[in-house]
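Okay, structure first, notes after.
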Amino acid sequence: MKWLLGATVLVGALGGCIALRIVFKSYMGERNDFVRSASSEISSHPELTGIKNLVEVAFHGPEQLRLAGWYAAPSNGAAIVLVHGTSADRSSLLTETRLLTAAGFGVLALDLPGQGASEGETRWGAPEQQAISAAVSWLALRPEVDPARIGGFGFSMGAYVLAQAAAADSRLRSVVLAAAPSDIVRQTRLANNRWGWLSEWPALLALRNSAIPIANRQPLAIVASISPRSVLFLGGSEDNLVPAAMVRELYESARDPKALWIIPGAHHGDYLGAAPQDYSARLISFFSQTLLAADQVHPGSSK
């Protein structure tokens, strides 16, 4: 029976190693959301994007931190702040930068604090909200930008902090919240539930150790206060990180005017690929109706 005992010990040791690997990967996967990612090469070379008049800019944000980004001036007086998600910089929203500038909108694609070429540390809380407001202030001082025609687009955790910024800063006249987590704790559980508690617990531990504020200002609790300004909620039917049900939940908590579009076949952010014609049209239509119309016509719901 010695061989049976030896096999049992071996299987137990192997199982323990696998469990430790799962715990480590889950913890570090969540922890990496708060670590600076290397800037993409194209971020410092906007001329390589092929977007006319796109330039690098820098300005001061909270506590005089230097914030960096791309800027293209509008031809229609309206401008959009673009807010990226985790492990990314401004270049991750190159698609939206290209679509909006081609339609005449100005774009300020921001590197959030602690990411890209911006100073600071990543917290997914107050520093990011203040950086977004600083971006709005910078745009409002541009002579080619109408301060009453500034909007925002946020993706994933960028949408998470944009929702918080928009609730507090009425200068953001309309916002698109794409794949926005309604509650960061529940989203972390969902994104790490493959191995049950074995993968959920270390991810939640990393989240709590990051100092992200999770007791208040969750988008689900504050999104209603963005009204009467317009919000477009975007999600993907195949998104496993921020499921469509979470996007719908956030939409239901908002007040009018609001619109919802769950893009068939889209995963976490591949919206143009899933809807190559409709995505561009709907994005441009939303900002045209909410920022350009003389009477600020608001769109109805579209599911």
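A few remarks follow.
- Qualifying residue in the range 114-128 (condition: over 22 Å from A178 (Cβ atoms), surrounded by fewer than 24 Cβ atoms within 10 Å (Cβ to Cβ) and in contact with a strand residue (DSSP E or B) (Cβ under 6 Å, 6 or more places away or on another chain)): yes
- Restricting the first member to the range 109-137 and to residues that are in the same structural domain as L207 (by TED's automatic domain parsing) and at pLDDT below 95, and the second to residues that are in a loop (DSSP other than H, G, I, E, B) and surrounded by fewer than 24 Cβ atoms within 10 Å (Cβ to Cβ), no beta-carbon pair is closer than 8 Å while six or more apart or on different chains.
- Given (1) assigned by TED's automatic domain parsing to the domain that holds R123; (2) over 24 Å from D256 (Cβ atoms); (3) surrounded by 22 or more Cβ atoms within 10 Å (Cβ to Cβ); (4) not hydroxyl-bearing (S, T, Y), number of the condition A203 does not satisfy: (1)
- None of L82, L48, L54 is under 25 Å from I212 (Cβ atoms) and in contact with a helix residue (DSSP H, G or I) (Cβ under 9 Å, 6 or more places away or on another chain) except L82.
Okay, residues lined up against (1) in contact with a strand residue (DSSP E or B) (Cβ under 7 Å, 6 or more places away or on another chain); (2) free of Cβ contacts under 8 Å to residues at least 60 places away in the same chain; (3) not assigned by TED's automatic domain parsing to the domain that holds G85:
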| residue | (1), (2), (3) |
| --- | --- |
| R171 | yes, yes, no |
| V175 | yes, yes, no |
| N192 | no, no, yes |
| F233 | yes, yes, no |
| P243 | no, yes, no |
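- Some residue of the range 136-147 being surrounded by 18 or more Cβ atoms within 10 Å (Cβ to Cβ) and among the acidic types (D, E): yes
- Strands (runs of 3 or more DSSP E) wholly inside the range 10-104 containing at least 1 residues that are surrounded by fewer than 22 Cβ atoms within 10 Å (Cβ to Cβ): 55-60, 66-72
- In summary, P264 fulfils each of the numbered conditions (1) over 30 Å from L100 (Cα atoms); (2) loosely packed, with under 15 Cβ neighbours inside 10 Å; (3) in contact (Cβ under 8 Å) with a residue 24 or more places away in the chain with the single exception of condition (1).
- Candidates R66, R149, R142, filtered to the one that is basic (K, R), in the same structural domain as F233 (by TED's automatic domain parsing) and within 18 Å of V175 (Cβ to Cβ): R149
- For Q187: the one exception among (1) under 16 Å from F155 (Cβ atoms); (2) at pLDDT 95 or above: (2)
- Every residue from the range 77-117 that is on the phi > 0 side of the Ramachandran plot and within 13 Å of the chain's Cα centre (by Cα): S87
- Set P243, P228, P213: member being surrounded by fewer than 24 Cβ atoms within 10 Å (Cβ to Cβ) and touching a His at 6+ places or on another chain (Cβ under 9 Å): P228
- Filtering the range 66-102 to residues that are among the hydrophobic types (A, V, I, L, M, F, W, C) and within 23 Å of R31 (Cβ to Cβ) leaves V83, A88.
- Checking D270 against (1) within 23 Å of V223 (Cα to Cα); (2) modelled with pLDDT under 95, the condition it does not meet: (1)
The values are calculated or read from the model by the stated rules, or taken from the named source; none is laboratory data. From a predicted model like this one, the values you see are computed outputs, not experimental measurements. Quick reminder, even Gly has a Cβ in these numbers, built from the backbone with ideal geometry, and neighbours come from all protein chains shown.
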